Amino acid sequence: MIIIENKIISAEVVEKQFVCNLNACKGACCKEGDFGAPLDLEEKQTLDEIYPFVKPFLPEESIERIEKLGTSQWFEEPKEYGTTLLPDGACVFMTRDQLGIAHCGIEQAHNEGLINFKKPISCHLYPIRVESKDEIDHINYDRWDICSAACTLGEKEKVPVHQFVKQALVRKYGEEFYDQLDDAAKQYQHWSENPQ
């Protein structure tokens with residue numbers, strides 16, 4: 001593990017390699033799983049505020065679901081708020097392109113310059129998951145079989161998980177934290193390749 005201030009980072013975050021391969025998985029993480037994308041209370045409020053700008057990018061089924069249940073819902077098992085899901089388990093903010101690849105309606109509105117919010121940080125950070133306990137953030141690599149193609153591509157391109165999610169880590173924790181993590185990753189790699 002790597003410890004930086006009040007953050008405990010799993011070694012897998014710097015050991016494992018990962019690059020999303022949308023052509024292979026078709027954005028399965030937006031439509032698989034039992035819970036919506038985890039949200040903090042500020043993000044929950046933000047989704048309500050930006051919904052009018054995101055709505056034009058969403059399919060009718062999603063709009064009907066949001067206007068019935070809201071942009072987020074409480075999930076009992078993880079005991080947290082997440083994005084509302086469609087009956088088939090897909091996120092209500094999911095859209096599809098002509099090739100059937102899933103995209104995020106929130107991110108589309110952001111890319112069009114309509115909103116400043118890119119997407120929930122839990123989505124932006126994936127495959128990293130952050131769990132906070134007693135004011136300590138535990139930063140872990142989340143293995144999911146639907147991401148096997150991303151692992152293969154990451155290994156081919158030699159991109160560690162922490163580098164793949166650099167933008168999201170900087171967004172959440174700042175440049176200084178990322179630089180410290182990247183330095184620690186280099187030291188960890190050197191130690192792994194040159195054990196005493």
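Which of Lys31/Lys55; Lys79/Lys158; Lys55/Lys158; Lys133/Lys158 have a Cα-Cα distance over 29 Å? If you can, show how the numbers build up before the last one.
Details: Lys31/Lys55 18 Å; Lys79/Lys158 36 Å; Lys55/Lys158 38 Å; Lys133/Lys158 32 Å.
From the list (Lys31/Lys55; Lys79/Lys158; Lys55/Lys158; Lys133/Lys158), the Cα-Cα distance tops 29 Å for Lys79/Lys158; Lys55/Lys158; Lys133/Lys158.
Projecting each Cα onto the charge dipole of the chain (Lys/Arg +1, Asp/Glu -1 at the beta carbon, about the Cα centre), which of Cys29, Leu99, Ser10 comes out farthest on the positive side?
Comparing the listed Cα positions along the dipole, Leu99 ranks first.
Neighbour counts of other C-beta atoms within 10 Å: give me Thr71, Thr152 arranged from fewest to most. Show your work: numbers first, answer last.
Details: Thr71 25, Thr152 15.
Lowest to highest Cβ neighbour count: Thr152, Thr71.
Write out the chymotrypsin sites (Phe, Trp or Tyr not before Pro) in the range 98-155 meeting two conditions: DSSP loop, and at most 16 other Cβ atoms within 10 Å of their Cβ. Working shown, then result.
Working: sites: Phe117, Tyr141, Trp144; in loops: Phe117, Trp144.
Sites meeting the loop and neighbour criteria: Trp144.
According to the square roots a ≥ b ≥ c of the eigenvalues of the Cα gyration tensor, what is the shape class of the range 28-120, taking rounded for a/c under 1.5, prolate for a/b larger than b/c otherwise, and oblate for the remainder?
oblate
Just flag the GluC sites (Glu not before Pro) in the range 100-196 sitting in loop per DSSP whose Cβ has no more than 12 other Cβ atoms within 10 Å.
Numbers: sites: Glu107, Glu112, Glu131, Glu135, Glu155, Glu157, Glu175, Glu176, Glu193; in loops: Glu112, Glu135.
Sites meeting the loop and neighbour criteria: Glu112, Glu135.
Roughly how many Å is it from the Cα centre of the range 1-53 to that of the range 169-188, as a whole number?
Cα centres, the range 1-53 to the range 169-188: 17 Å.
Would the chain count as rounded, prolate or oblate if I go by the C-alpha gyration tensor, calling it rounded below 1.5 in a/c and otherwise prolate when a/b exceeds b/c, oblate otherwise?
On the way: a/c = 2.07, a/b = 1.64, b/c = 1.27.
Since a/c reaches 1.5 and a/b is larger than b/c, the shape of the chain is classed as prolate.
Which angle from 0 to 90°, rounded to the nearest 10, does the C-alpha axis of helix 175-193 make with the longest principal axis of the chain?
Once rounded, one gets 50 degrees.
If you take the beta carbon distance between Glu135 and Glu67 as r and set R0 to 22 Å, what does 1/(1 + (r/R0)^6) give as a FRET efficiency, to the nearest 0.05? Write out the running numbers ahead of the final one.
Values: r = 37 Å, r/R0 = 1.70.
Given R0 = 22 Å and the Cβ-Cβ separation, E is 0.05.
Give me Ser72, Ser132 sorted ascending by neighbouring Cβ count inside 10 Å, so fewest comes first.
Working: Ser72 24, Ser132 11.
Ordered from fewest to most neighbouring Cβ atoms within 10 Å, Ser72, Ser132 come out as Ser132, Ser72.
Using a cut-off of under 19 Å, list every residue of the range 121-145 whose amide N is near the label point 7 Å from the Cα of Leu41 along the Cα-to-beta-carbon line.
Residues passing the 19 Å test: 121-122, 131-137.
With label points built 7 Å along Cα→Cβ from the Cα atoms of Arg96 and Glu112, find their separation and express it in nm.
2.0 nm
So, in Å, what gap is there between the alpha-carbon centers of the range 105-122 and the range 150-166?
With the range 105-122 and the range 150-166 each reduced to a Cα centre, they are spaced 23 Å.
Readers should treat all values here as calculations from the given coordinates under stated rules, not as data from a laboratory. Just so you know, these numbers come straight off a predicted model, no measurement behind them. Glycine also receives a Cβ, built like all others from the backbone with ideal geometry; neighbour counts cover every protein chain displayed.
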